[in-house]
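Step one of this worksheet: look at the structure below.
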Amino acid sequence: MDYNLKIVRFLKEAGNGGLSVQKLSRHVYNDSNSLFETVSYEEIHRYVQAFLLRNSRKKTSLFEKTGKRGVYRLNLRSAKLRALMQQLQVPDEDNGDDGKESTIVPDLSLSLF
């Protein structure tokens, strides 16, 4: 998954309160690293910081600064964000859609006994 999508996902989960750049960078770092693929925290932090600065300058930008220093949230008034959410099909918690189908998959595993 792309860092941009992770940033949008984590800010969506954070809600109206938003997240600080440091916490957001930590979430993206933890989500991006695995046993076989490692990325440095400093690289991710610089990317997140630059991405948020680039996309929060105007009133119609994807993100907006909150009243607290270094804290960002999604700009719900942004038409770009609404289009991005539809394009990415990010599930919306308001309507109860969790993005998963409600079909039950039977357990086909073999029994040990």
Within the range 65-91, count every residue that is among the charged types (D, E, K, R) and in contact with a Phe, Trp or Tyr (Cβ under 9 Å, 6 or more places away or on another chain).
-> 2
Would you check if Gly15 is in contact with a Ser or Thr (Cβ under 9 Å, 6 or more places away or on another chain), at pLDDT 80 or above and on the phi > 0 side of the Ramachandran plot?
-> no
For the range 43-57, indicate whether the set of residues that are at pLDDT below 85 and polar (S, T, N, Q) is non-empty.
-> no
Please determine, by comparing only the residues of the range 26-54 that are of a type in the set (Lys, Arg) and more than 15 Å from Lys65 (Cβ to Cβ), which one is surrounded by the most Cβ atoms within 10 Å (Cβ to Cβ).
-> Arg26
Taking the range 42-64, which residues are out of contact with any Phe, Trp or Tyr (no Cβ under 8 Å at 6 or more places or on another chain) and of a type in the set (Ser, Thr, Tyr)?
-> Thr60, Ser61
Using the structure shown, decide if Ser34 is more than 14 Å from the chain's Cα centre (by Cα) and at pLDDT below 90.
-> yes
Hey, can you tell me all the residues within the range 59-80 that are hydroxyl-bearing (Ser, Thr, Tyr), in a loop (DSSP other than H, G, I, E, B) and at pLDDT 85 or above?
-> Thr66
Kindly list the number of the only condition in (1) within 22 Å of Leu81 (Cβ to Cβ); (2) at pLDDT 90 or above; (3) open to solvent by less than 90 Å² (accessible area, probe 1.4 Å) that fails for Lys23.
-> (3)
Considering only the range 32-58, how many residues are out of contact with any helix residue (DSSP H, G or I) (no Cβ under 6 Å at 6 or more places or on another chain), not acidic (Asp, Glu) and not in a helix (DSSP H, G or I)?
-> 10
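The values are calculated or read from the model by the stated rules, or taken from the named source; none is laboratory data. As the structure is a computational prediction, the values presented were derived from the model and not from experiment. Cβ sites come from the backbone with ideal geometry, for glycine too, and all protein chains shown count toward neighbours. Protein only, heavy atoms only, side chains kept; ligands, DNA and RNA dropped before computing areas. Shrake-Rupley method; radii C 1.70, N 1.55, O 1.52, S 1.80 Å.
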